[in-house]
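FYI, it's all coordinate maths here, none of it is from the lab. Just so it is clear, the structure is predicted and the values come from calculations on it, not from any experiment. Cβ sites come from the backbone with ideal geometry, for glycine too, and all protein chains shown count toward neighbours.
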Amino acid sequence: MNSLIRTEFESRVLEVNKYFDFIENIDNGHQLLSDFEKKTFINIDDDLLKILKANSFLILYNLIESTVLNCIVGIFDEIKIENLSYKDVSQSIKLYWSRNIYRFDEKIKEDRLIREKFYNIVERIISDIALEISDRIEYGGSIDAKKIHKIAKDLEIVFPLNHYKENLHGKVFSDI
C-alpha cells in the first residue's frame, strides 16, 4: 500500500476509533450532550443510541470501500505513472484492460463500433502505447465481500489471510 493510501486509511481508522469511543462513552452512561458553552443539552435515549450504533456499520463500510477502491485505483495510477504498455503488465491486468476498454456507443452501428474498437485495441498493443485504465471501478453502487474478492481475483491481488476465518470474518463483513 503506498504511503498516500496508507495515510488516508490510518486517518479513517482514527475517525472510526473516535466514533466507537464516543458510542462507548454513551453506552457507559454518559448520555447527555451539550453545546460548547453548555447552554443547550441533549439527552441520548435508547432509541438514539441504537441509531448511533447502527451508523457504526455505515462508517465501517465506508472505511472498507474507500480503502479497497483507493488500492485498486493506486494500481491503475502506477500503470499511468510508469507509462506501462500492454506487454509490460500481467495477464490479469491485460484481461481487465481489454474488458474495460470496450464501451458501447449507441450512436455508432455495432459492426462499425466493433471494427473500430478492435482496430484501436490492436493498434495500441502493437504500437506499445501506454495503457489507459479508467479510475472508475464498476461495482454496482455498493461493494461487498464477494465483489472485493472478485475484483481482487480478476487483478490477481493476493491478500495474506493467515488469520481469516470465512465463517466468522466473512459473515461479519457481509453483514457490514
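Per-residue counts of other Cβ atoms within 10 Å, averaged by peptide: what ranking do you get for 35-47, 86-98, highest first?
86-98, 35-47
Per 0.36 nm of contour for each residue apart, how much would the distance between residue 34 and residue 98 grow if the chain were fully extended, relative to their Cα-Cα spacing?
17.4 nm
Once the Cβ-Cβ distance between residue 82 and residue 55 is put in as r, and R0 is 30 Å, what FRET efficiency do you end up with, to the nearest 0.05?
0.15
Once label points are set 7 Å from the Cα along Cα→Cβ at both residue 146 and residue 41, what is their separation, rounded to one decimal in nm?
5.0
Once the piece of chain linking residue 66 and residue 115 is laid out straight, how much longer is it, given 0.36 nm per residue of separation minus the C-alpha distance between them?
14.0 nm
Modelled label-to-label distance, residue 130 and residue 158, 7 Å Cα→beta-carbon offset: nm?
Distance between label points: 2.9 nm.
Determine the alpha carbon to alpha carbon distance for each of 80/150; 50/153; 80/117; 117/146; 18/38 and list only those over 27 Å.
Where the Cα-Cα span goes over 27 Å, the pairs concerned are 50/153; 117/146.
Mind putting a number on the dipole of the range 1-57 about its Cα centre? Charges go on the C-beta only, +1 for Lys and Arg and -1 for Asp and Glu, and I need it in Debye to the nearest 20.
For this selection, approximately 140 debye.
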